[in-house]
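Asker: If you scroll down you'll find the structure; I have some questions about it.
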Amino acid sequence: MNGSFFQRDRAWHPPAYTPGYKTSVLRSPRNALLSLPATLSEMTGPVFGHDAIGELDNDLIRNFARTGDAIGQRLVVHGRVLDENARPVPGALVEFWQANAGGRYRHKKESYLAAIDPNFGGCGRCITDGEGRYSFRTIKPGAYPWPNGVNDWRPAHIHFSIFGQAFAQRLITQMYFEGDPMIWQCPIVQTIPDRAAVEQLVAALDRNATIPMDSLAYRFDIVLRGRRSTMFENRREGN
Ligand SMILES: [Fe+2]
């Protein structure tokens, strides 16, 4: 697996400085960026053991349950992790975290007045299979207000972190739900310059993956950076 990764497309990702999203003002770079060559560890790590994943790690309905299942609209969220050459990424660690059905996180700095669900922790993880597929069960998170403008609300969303086959492929992003009008009012979503890029973050209702009398389903495919050297179909990987 030699070869460098594609550069990030900075016209597709949001810029670092976006005053409508207030905290970006102080944490965005003040100086021009420097280009550094990739190091060996960035090109080869990380490696995960599958036995590190617990049986309930991909079930947010039950993985923190004490007296019963978490409250909320029961969901299956699934999809594939692909690279920019549309090839599946097997063995990727997919981590996810979210607010509960009322829009409240279980976090000591969380101050929103919505109630904590004692049966909902709000985080989990899984590893993609040989075709790059992942799947987990959860409840639909609620929208929540946040201190930015006078009255800004986050649309319902799930946070994702994906470790691909190298640290250079790490992606942290958020998933939204098809048909939610609050997506387009969100100051964080509005930092993304291209509407088509926003639509890639919106999971589609997937009737085929629903579980009758149990759960609705949403499908969310994730694309990581690809390697240049493997663009050539007539070259075997590693050559
Ligand atoms: Fe959030």
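Asker: Hand me the list of strands (runs of 3 or more DSSP E) wholly inside the stretch 88-143 holding 3 or more residues that are within 17 Å of the chain's Cα centre (by Cα), touching a residue at least 24 places away in the same chain (Cβ under 8 Å) and within 15 Å of the ligand (Cβ to nearest atom).
Answerer: Numbers: elements: 93-97, 123-127, 133-139.
Once the strands (runs of 3 or more DSSP E) in the stretch 88-143 are filtered for at least 3 residues that are within 17 Å of the chain's Cα centre (by Cα), touching a residue at least 24 places away in the same chain (Cβ under 8 Å) and within 15 Å of the ligand (Cβ to nearest atom), what remains is 93-97.
Asker: On to the next question. Please tell me if residue 213 is within 16 Å of the ligand (Cβ to nearest atom) and either touching a residue at least 12 places away in the same chain (Cβ under 8 Å) or not charged (D, E, K, R) (or both). Talk me through it step by step, then tell me what you get.
Answerer: On the way: within 16 Å of the ligand (Cβ to nearest atom): no; either touching a residue at least 12 places away in the same chain (Cβ under 8 Å) or not charged (D, E, K, R) (or both): yes.
When the stated conditions are applied, residue 213 does not pass them.
Asker: Does residue 63 fit the bill of being at pLDDT 95 or above, in a loop (DSSP other than H, G, I, E, B) and more than 16 Å from the ligand (Cβ to nearest atom)? Talk me through it step by step, then tell me what you get.
Answerer: Numbers: at pLDDT 95 or above: yes; in a loop (DSSP other than H, G, I, E, B): yes; more than 16 Å from the ligand (Cβ to nearest atom): yes.
Yes.
Asker: Criterion first (farther than 30 Å from residue 4 by Cβ and touching a residue at least 24 places away in the same chain (Cβ under 8 Å)) does residue 85 satisfy it?
Answerer: Values: farther than 30 Å from residue 4 by Cβ: no; touching a residue at least 24 places away in the same chain (Cβ under 8 Å): yes.
Here the answer is no, as residue 85 does not meet what is asked.
Asker: Which of the residues that make up the stretch 4-50 are without any contact (Cβ under 8 Å) to a residue 40 or more places away in the chain, of a type in the set (Gly, Ala, Ser) and surrounded by 11 or more Cβ atoms within 10 Å (Cβ to Cβ)?
Answerer: Answer for the stretch 4-50, where residues must be without any contact (Cβ under 8 Å) to a residue 40 or more places away in the chain, of a type in the set (Gly, Ala, Ser) and surrounded by 11 or more Cβ atoms within 10 Å (Cβ to Cβ): 16, 28.
Asker: A follow-up question, please. Considering each of 194, 152 in turn, give the residue that is more than 26 Å from residue 93 (Cβ to Cβ) and crowded, with 16+ Cβ neighbours inside 10 Å. First the steps, then the outcome.
Answerer: Numbers: 194 fails: crowded, with 16+ Cβ neighbours inside 10 Å.
So the residue among 194, 152 that is more than 26 Å from residue 93 (Cβ to Cβ) and crowded, with 16+ Cβ neighbours inside 10 Å is 152.
Asker: I'm trying to understand the selection: among the residues of the stretch 1-53, which are assigned to a helix (DSSP H, G or I) and of a type outside the set (A, V, I, L, M, F, W, C)? Spell out how you get there, then give the answer.
Answerer: Initial filter on the stretch 1-53 (assigned to a helix (DSSP H, G or I)): 23-27, 40-44, 50-52.
Passing the criteria: 23, 24, 27, 41, 42, 44, 50, 51.
Asker: Going by the structure shown, is residue 58 over 22 Å from residue 168 (Cα atoms), out of contact with any helix residue (DSSP H, G or I) (no Cβ under 9 Å at 6 or more places or on another chain), at pLDDT 95 or above and away from the ligand (no atom under 16 Å from the Cβ)? Step through it out loud before you land on a result.
Answerer: Working: over 22 Å from residue 168 (Cα atoms): yes; out of contact with any helix residue (DSSP H, G or I) (no Cβ under 9 Å at 6 or more places or on another chain): yes; at pLDDT 95 or above: yes; away from the ligand (no atom under 16 Å from the Cβ): yes.
For residue 58, the condition - over 22 Å from residue 168 (Cα atoms), out of contact with any helix residue (DSSP H, G or I) (no Cβ under 9 Å at 6 or more places or on another chain), at pLDDT 95 or above and away from the ligand (no atom under 16 Å from the Cβ) - is met.
Asker: Turning to a different aspect of this structure: For residue 81, state whether it is within 16 Å of the ligand (Cβ to nearest atom) and in a strand (DSSP E or B). Give the derivation first.
Answerer: On the way: within 16 Å of the ligand (Cβ to nearest atom): no; in a strand (DSSP E or B): yes.
Against the criterion (within 16 Å of the ligand (Cβ to nearest atom) and in a strand (DSSP E or B)), residue 81 does not qualify.
Asker: Looking at the stretch 144-163, is at least one residue under 20 Å from residue 222 (Cβ atoms), in a strand (DSSP E or B) and away from the ligand (no atom under 16 Å from the Cβ)?
Answerer: yes
The values are calculated or read from the model by the stated rules, or taken from the named source; none is laboratory data. Not measured: the values here are computed from a predicted model. Glycine gets a Cβ as well: all are built from the backbone with ideal geometry, and neighbour counts include every protein chain shown.
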